[in-house]
Amino acid sequence: MKNNHQRKSKKRHSKKIGMPPGSLIYLGDMDADISLMDNPTVTLVAYDSSDLTERALSADELAAFKLSDYSNAGKKLWLNIHGVHNAALIKQVGNIFNLHPLVLEDILNTEQRPKIDEFDDYVFLEARSFKYDKDSLLMDSEQISFVLGRDYLLTFQERSTGIFEPVRARMRVAGAHIRDLDVDYLAYALLDSVVDRYFSVLDDIGEASETLEELLLSSPTNAMLRNIHQLKHVSIELRRAVWPLREVINNLTHNENEFFKQTTMPYLRDVYDHAVNFIESLESIRDSLSGMMDIYMASVSQRVNLEVRALTVVAMLFMPATLIAGIFGMNFESMPLLKNPNGFWLAIGLMAAIASVMIIIFWRRQWLSSKT
């Protein structure tokens, strides 16, 4: 599955070969959710301390949109766009808010690492959101782009995942503290909801890791090896997303253009602490998975040794019998017991006696136990 994803990624990036910088070409996975891909939506949230308006904008309303209509009325604006596959829509929003072409290009390239770019009128940053399936041990990721201006916030999502719904619910409450503050606090709240989702994924991975470790110590199987590899791949993907996000958040706390006000800085530093805590916890799980790989290899090696030892014991039990049968099978006319009527039974008895003595010796040395 990983190789298929890599091949698809290379194929998507090949679309931009030879294209000039700022070319608006969607580089995401069009097969992720066809129904949603066909229906991009633009949701407007305009609010102040006493009022909140939330509605979806039609194509005509977006074409006639003017930021000054809201800023002049003292409204703070949050525009959320689902479905960044629509390059025409992204370009239209970029024209309304005078976004740089490279910013629009990064929004359409949904395989970017978390990053931050500061401009005179706004700051642009990207993060990733994750959804983990505990049954299949597979993880799906989504790029989320933020554009924070002086009195507006733009967010771009690949699809509707509900990750921002808790923040929307807080804003809908009359007298909510979040509505008294500026859009920089809203940007913090949305970024914090992304980071909080990481810990939910981390808990699921940690639980799966502990379950695998318990099963591995009792009865390791090939399926467990595949699960260990899958969890390691998930942990690597998480680390690849959160490690640069930590630096992004750290840069936000030192922004020179002061898009984030000093009153919001303690909250950003708290998100930074959460990111650091997440990375440390993730490293612990990765070390545990590496240890489980060693345990699995040691268990397989021990199982092979036990099987070889069992075959060796069986071979050694038959060696004396083979020796006796070989001796009595030699072509000599005069041999002891050769013409004795009970010679056959005496030879069989001798074989059985030697085998019994060897079994007793093996048992006393615990060579017949499967646990040592």
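Overview of results
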| item | result |
| --- | --- |
| Between helix 183-218 and the chain: long-axis angle, C-alpha atoms, 0 to 90°, nearest 10 | 10 degrees |
| Along each principal axis, Cα extent of region 133-255, largest first, Å | 59, 31, 23 |
| Tilt relative to the chain, helix 265-328 - C-alpha long axis, 0 to 90 degrees, to 10 | 20 degrees |
| FRET E, pair His177, Gln366, Förster distance 56 Å, beta-carbon r, rounded to 0.05 | 0.20 |
| Most mobile listed residue (Lys339, Lys66, Lys75) in the chain, GNM with C-alpha springs under 10 Å | Lys339 |
| Cα radius of gyration and Dmax for the chain (Å) | 34.1, 123 |
| Ranked by how many other beta carbons lie within 10 Å on average, peptides 240-250, 292-302 from highest | 240-250, 292-302 |
| Kirkwood hydrodynamic radius (C-alpha pairs) into Stokes-Einstein, region 309-364, 37 °C and 0.692 mPa s, D in µm²/s | 265 µm²/s |
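Laboratory data are not the source of any read-out in this text; all were calculated from the coordinates shown. As the structure is a prediction and not an experimental result, all values here were calculated from the model. No Cβ is skipped: glycine too gets one built from the backbone with ideal geometry, and neighbour counts run over all protein chains shown.
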